[in-house]
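A short worksheet on the structure shown next.
The values are calculated or read from the model by the stated rules, or taken from the named source; none is laboratory data. Only a predicted model underlies this, so the values are computations on that prediction, with no experimental measurement involved. Here the Cβ is made from the backbone with ideal geometry for all residues, glycine too, and neighbour counts use every protein chain on show.
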Amino acid sequence: MKRKAILVNHLLKINRSFTWINFWGPHTPCIVPEPYYSMYKKEDVVLDESFFKPLEGKPGHYRTISKMWGMWEASEDHWKEVITKFWGYITLIDDAIGELFTFLENNGIYDRTFIVATADHGDAMGAHRMIEKGEFMFDTTYNIPMIIKDPKFKSC
């Protein structure tokens, strides 16, 4: 807590700074605290259409990768359970980012803060019965967002 107070005071006193905040997740295993762990229900999960025709036309070693993760033979129900935990993990991170924005707003520095949010990769999370990332090139693993908030840019 003391380090957090030092950082806060530093950010408030200086006119320019750079802070890199890294969230390790969401990565499996998705072990997160409540309420995030139980936040989503399996009934709300819609599996990617490729789940039902896994690796059609894809290299054979992809199946080996999925087996290595122990998910190739997993039932639809188990996949949905894993996905709900993944969503909870995402929500946990989203809430943490929201807390950062609230802090910036409450201290009058949000409007002058340049923010970039992105990720190093996505996750197959059930597409083609795959999980995580790897040498397989699917939109779910490599089509990632980048959001930029530039205080000098005024929207139309």
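Under the condition of being out of contact with any helix residue (DSSP H, G or I) (no Cβ under 8 Å at 6 or more places or on another chain) and not small (G, A, S), the residues counted in the stretch 57-72 number 8. Taken over the stretch 37-65, the criterion of being of a type in the set (S, T, N, Q) and in contact with a Leu (Cβ under 8 Å, 6 or more places away or on another chain) is satisfied by no residue.
Is it the case that some residue within the stretch 4-17 is surrounded by 11 or more Cβ atoms within 10 Å (Cβ to Cβ) and within 22 Å of the chain's Cα centre (by Cα)? No; the residues of the stretch 4-17 include none that is surrounded by 11 or more Cβ atoms within 10 Å (Cβ to Cβ) and within 22 Å of the chain's Cα centre (by Cα). Taking the stretch 20-70 as the range and being part of a loop (DSSP other than H, G, I, E, B) and either of a type in the set (A, V, I, L, M) or touching a strand residue (DSSP E or B) at 6+ places or on another chain (Cβ under 6 Å) (or both) as the test, the residues that pass are I21, I31, V32, M39, V45, V46, L47, L55.
Scanning the stretch 114-136 for residues that are within 17 Å of W69 (Cα to Cα) and either of a type in the set (F, W, Y) or part of a loop (DSSP other than H, G, I, E, B) (or both) yields G122, D123, A124, M125, G126, M130, I131, E132, K133, G134, E135, F136. Criterion applied to K80, K85 was being outside any loop (DSSP other than H, G, I, E, B), touching a Cys at 6+ places or on another chain (Cβ under 8 Å), at pLDDT 95 or above and not β-branched (V, I, T), and the one residue passing it is K85. Only one entry of Y36, Y40, Y62 meets the criterion of being aromatic (F, W, Y) and closer than 30 Å to T113 by Cβ, and that entry is Y36. If you check D139, D111, which single one turns out to be closer than 24 Å to T64 by Cβ, out of contact with any helix residue (DSSP H, G or I) (no Cβ under 6 Å at 6 or more places or on another chain) and surrounded by fewer than 18 Cβ atoms within 10 Å (Cβ to Cβ)? Only one candidate passes the filter, namely D139.
If you check T113, T140, which single one turns out to be under 16 Å from the mean Cα position of the chain (by Cα) and either closer than 24 Å to L55 by Cβ or touching a residue at least 24 places away in the same chain (Cβ under 8 Å) (or both)?
On the way: T113 fails: under 16 Å from the mean Cα position of the chain (by Cα).
Exactly one of T113, T140 is under 16 Å from the mean Cα position of the chain (by Cα) and either closer than 24 Å to L55 by Cβ or touching a residue at least 24 places away in the same chain (Cβ under 8 Å) (or both), namely T140.
Might you let me know whether the stretch 88-96 holds any residue that is surrounded by 11 or more Cβ atoms within 10 Å (Cβ to Cβ), in contact with a strand residue (DSSP E or B) (Cβ under 6 Å, 6 or more places away or on another chain) and either of a type in the set (F, W, Y) or not in a helix (DSSP H, G or I) (or both)? No, every residue in the stretch 88-96 fails to be surrounded by 11 or more Cβ atoms within 10 Å (Cβ to Cβ), in contact with a strand residue (DSSP E or B) (Cβ under 6 Å, 6 or more places away or on another chain) and either of a type in the set (F, W, Y) or not in a helix (DSSP H, G or I) (or both).
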